Amino acid sequence: MTILVTGGAGFIGSALIRHLALNADEPLVNVDKLTYAASPAAIAAVASLPRYHFEKADIGDGPVIRAILARYRPRAIIHLAAESHVDRSIDAPGSFIETNVTGTFTLLQEALRYWRGLEGSLGDQFRFHHVSTDEVFGSLGPTGAFSEETRYEPNSPYSASKAASDHLVRAWHHTFGLPVLLTNCSNNYGPFQFPEKLIPLMIIKALAGEALPVYGKGDNIRDWLFVEDHVRAIALVLAKGRIGESYNIGGMSEHTNLAVVETICDLLDAELGATRRRQLITFVADRPGHDRRYAMDISKISRELGWKPQESFATGLLKTVRWYLDHRDWWSTILAKNDAVRRQGATR
């Protein structure tokens, strides 16, 4: 049987493709629209495998998705295709609604049609695994953590669109019986992350000797999850998770944005020779509606499935910094093609 991954040329999707290719013998189908944030280079290592197949397609194109499902007959769909940058969602929320809400709806309809046509054990084995974010839960105070029972309170167009997609997945399970799994993750980082996100952006700007813009006072807190830990959790939930259940995936690594940027500066100083890159830190106007703190309670996935992160933030960030130092050609090509490092979502 086959596993189909949507958004497999994106940051997390490509890490999942690489993980599955190395740890399983099943055929893999990567369905990706190849938007601005996609990176064919991130899947180049597996592209020549006979059991790997790529389909350039929009999850919102029902007939095309229907044909792909009929052609490859997957035993599982892992849905990661999404617009994901909060700042961009402030400037252009329409594309987030189109992909994350309408696209997920279309994919669910086609998955339901496909699943209903499966017979016997094939139908029993099928899973629709939806990958989402901790941002759907809103903002935490100084204590506590998000659990799977936390009420949804999304505050940005991005998180609202992901919350809507989560609700659609649950509804297709409870109303139509589609066998679904849901995971909500904390902030990912690691190799091949698009340069608009905080960690690669700070690495690249620090290397260029440019100002390092930190929103507000830099005291917003995030839980950081190394991407390879995340994809191990996704694969485990797919294999052993209970149908209809959601699982929180976090890195157990809470840090303020300022502390993250300062650590990046210190690591670059250590790797390249001290130039006191902390002096480049500049505080800028905060993002509208900026959530104060995220933290994930991972006791459910730890208790039921035995998962916990393998990387600490210290080890994961060092690996990430060294990866960006060793792969300048990758991100330099991206910067030459678009405005990935230009601030977006600065005004209401």
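Rule-based calculations on the coordinates, nothing more; no lab input. These figures come from a predicted structure and were not determined experimentally. Using ideal geometry, Cβ is built from the backbone for each residue, glycine included, and neighbour counts are taken over all protein chains shown.
Based on the alpha-carbon set only, what is the convex hull volume of segment 9-161 divided per residue, in Å³?
145 Å³
Under a crude label model (7 Å from the Cα following the beta-carbon direction), how far is Asn23 from Glu245 in nanometres?
For Asn23 paired with Glu245, the spin-label model returns 1.8 nm.
Using the beta-carbon distance between Phe283 and Lys308 and R0 = 45 Å, what value does 1/(1 + (r/R0)^6) give for FRET efficiency, to the nearest 0.05?
With R0 = 45 Å, the Cβ-Cβ based efficiency is 0.80.
Just from its helices, what would the mean residue ellipticity at 222 nm be for the chain, if runs of 4 or more DSSP H residues each count -39500 (n - 2.57) and the sum is divided by every residue, rounded to the nearest 500 deg cm²/dmol?
Here the helix-only value at 222 nm equals -12500 deg cm²/dmol.
Would you please state which residues of segment 50-83 a label at Glu119 would reach in this model, taking the label point 7 Å out along Cα→Cβ and a backbone N cut-off of under 18 Å?
What the label zone holds, given the 18 Å backbone N cut-off, is 70-75.
Work out from phi, with θ = phi - 60° and the Karplus expression 6.51 cos²θ - 1.76 cosθ + 1.60, the ³J(HN,Hα) of each residue of segment 127-144, listed in order in whole Hz, and give x for Gly and Pro.
For segment 127-144, the Karplus curve yields 9, 10, 9, 9, 9, 10, 10, 6, 5, 5, 7, x, 10, 8, x, x, 10, x Hz.
Under 4 °C and 1.567 mPa s, how fast does segment 105-185 diffuse according to Stokes-Einstein, given a Kirkwood radius computed over C-alpha pairs? Answer in µm²/s, whole number.
93 µm²/s
Return the Cα extents of segment 80-127 along principal axes one, two and three, sorted largest first, each rounded to a whole Å.
The Cα atoms of segment 80-127 stretch 47, 14, 8 Å along the principal axes, largest first.
Beyond 12 Å, what percent of the Cα pairs of segment 199-252 remain?
Summing the P(r) tail past 12 Å for segment 199-252 gives 75 percent.
By how many nm would the segment from Ala270 to Arg151 lengthen if fully extended, with 0.36 nm per residue of separation less the alpha-carbon distance?
Values: separation 119, 0.36 × 119 = 42.84 nm, distance 4.28 nm.
This chain segment gains 38.6 nm when fully extended.
Out of all DSSP beta bridges with both ends in the chain, state the antiparallel percent to the nearest 5.
10 percent
Reachable lysines from Lys240, Cα under 28 Å, same-chain residues fewer than 8 places away excluded?
Output for Lys240: Lys162, Lys300, Lys308.
Taking N as the number of residues in segment 154-273, what value does Rg over Cα atoms divided by 2.2 N^0.38 Å take?
The reported ratio for this selection is 1.31.
Using the alpha carbons of segment 37-100, what is the convex hull volume per residue in cubic angstrom, as a whole number? Before the final figure, lay out each step's value.
Working: hull volume 6.8 nm³, N = 64.
Each residue corresponds to 106 Å³ of Cα convex hull volume.
Bin width 10 Å, alpha-carbon pairs only: give the P(r) of the chain as whole percents, running from 0 to the bin holding the largest distance.
Values per bin, smallest distances first: 5, 25, 36, 24, 8, 1, 0.
Excluding Val5 itself, calculate the net charge of residues whose Cβ lies under 12 Å from the Cβ of Val5, where each Lys or Arg counts +1 and each Asp or Glu counts -1.
-2
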